[in-house]
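What follows is one structure encoded as structure tokens, with my remarks underneath.
The values are calculated or read from the model by the stated rules, or taken from the named source; none is laboratory data. Please read all numbers here as calculations on a predicted model, not as lab measurements. So basically every Cβ, Gly included, is an ideal-geometry build from the backbone, and we count neighbours across all protein chains shown. In case anyone asks, the SASA skips ligands and DNA or RNA and just uses the protein heavy atoms, side chains included. Shrake-Rupley method; radii C 1.70, N 1.55, O 1.52, S 1.80 Å.
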Amino acid sequence: MIAGQMEKYSQFIRVIMERIDAHFVDQKDYIHCKEGCSKCCENGEYPCSELEFEFLKLGFMTLPLETRKIITDKIEQLKKEKAQYKGKKFIYTCPFLINHRCSVYRYRMIICRTFGLSYYDMDEKTNKYTVKIPFCSKMGLNYSEVYDPKINDFSKELYEKTGYEKPPVVYNLGVEFLMNKFGKEIMGLDFGELKTLLEWL
């Protein structure tokens, strides 16, 4: 039962955050995340499992009533916009983002915790792992010093020009890997269905 797994999920978050935080430190030369930058929260679908959503709701309930009202209004507006949207992917700003800050930061989803690092992810079409580089690299932010848009990958030549001691690293931090290989197989968690955030709201 999802509701009965909150304690184990909290432990899972503590464990993966030790790893994620260490990766951010290791790649600090390439990371340009700073307070007030919320590009990652303004341009996505935000994959979210049922278990993550239940945890997110706990965070929502800790917020002041006026903040919850702001978020609820944003959700209703997004649902109206999505209903009128004719494209395939509805990309939107996360409704929990207020004044460029995450209002439920301690309860945020896995995708939010790993964003900013480069990682391996499973390509559904080829069933092979591909390298994912944060889209903000194209905006002069994370990994922009070594990202080559011509090859859509890191450039050894650009890295050598930086003079940085550590090269850019691709980590095994895909959402499904963390859920299935680590959360499910090692910790026995049941994440439930995976949908976009808006589909849960």
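Could you go through the stretch 156-170 and let me know if any residue there is under 21 Å from the mean Cα position of the chain (by Cα) and polar (S, T, N, Q). No, the stretch 156-170 has no match at all.
In the stretch 118-138, the residues that are closer than 16 Å to Val175 by Cβ and at pLDDT below 85 reach residues that are open to solvent by less than 100 Å² (accessible area, probe 1.4 Å) and assigned to a loop (DSSP other than H, G, I, E, B) with C-beta atoms within less than 7 angstrom, at least six apart or across chains, in these pairs: Asp121/Gly174; Met122/Gly174.
Within the stretch 145-180, the residues that satisfy the criterion of being open to solvent by 60 Å² or more (accessible area, probe 1.4 Å), within 25 Å of Pro47 (Cα to Cα) and either in contact (Cβ under 8 Å) with a residue 60 or more places away in the chain or assigned to a helix (DSSP H, G or I) (or both) are Glu176, Asn180.
Number of residues in the stretch 59-92 that are under 21 Å from the mean Cα position of the chain (by Cα) and open to solvent by less than 60 Å² (accessible area, probe 1.4 Å): the value is 7. Of Gly188, Gly192, Gly183, all but one fail to be in contact with an Asp or Glu (Cβ under 7 Å, 6 or more places away or on another chain), of a type in the set (Gly, Ala, Ser) and either at negative phi or in a loop (DSSP other than H, G, I, E, B) (or both); the exception is Gly192. The conditions of being surrounded by 13 or more Cβ atoms within 10 Å (Cβ to Cβ) and either within 17 Å of the chain's Cα centre (by Cα) or farther than 28 Å from Val25 by Cα (or both) are met by Ile111. Any chance the stretch 186-198 includes a residue that's surrounded by 12 or more Cβ atoms within 10 Å (Cβ to Cβ) and free of Cβ contacts under 8 Å to residues at least 60 places away in the same chain? Looking for residues that are surrounded by 12 or more Cβ atoms within 10 Å (Cβ to Cβ) and free of Cβ contacts under 8 Å to residues at least 60 places away in the same chain, one finds none in the stretch 186-198, hence no.
Being farther than 20 Å from Phe12 by Cα and buried (at least 16 other Cβ atoms within 10 Å of the Cβ) is a description that applies to Lys39.
Residue-by-condition table, conditions (1) among the charged types (D, E, K, R); (2) modelled with pLDDT under 95:
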| residue | (1), (2) |
| --- | --- |
| Glu52 | yes, no |
| Leu58 | no, no |
| Thr62 | no, no |
| Glu66 | yes, no |
| Asp73 | yes, no |
| Gln77 | no, no |
| Lys88 | yes, yes |
| Pro95 | no, no |
| Ser103 | no, no |
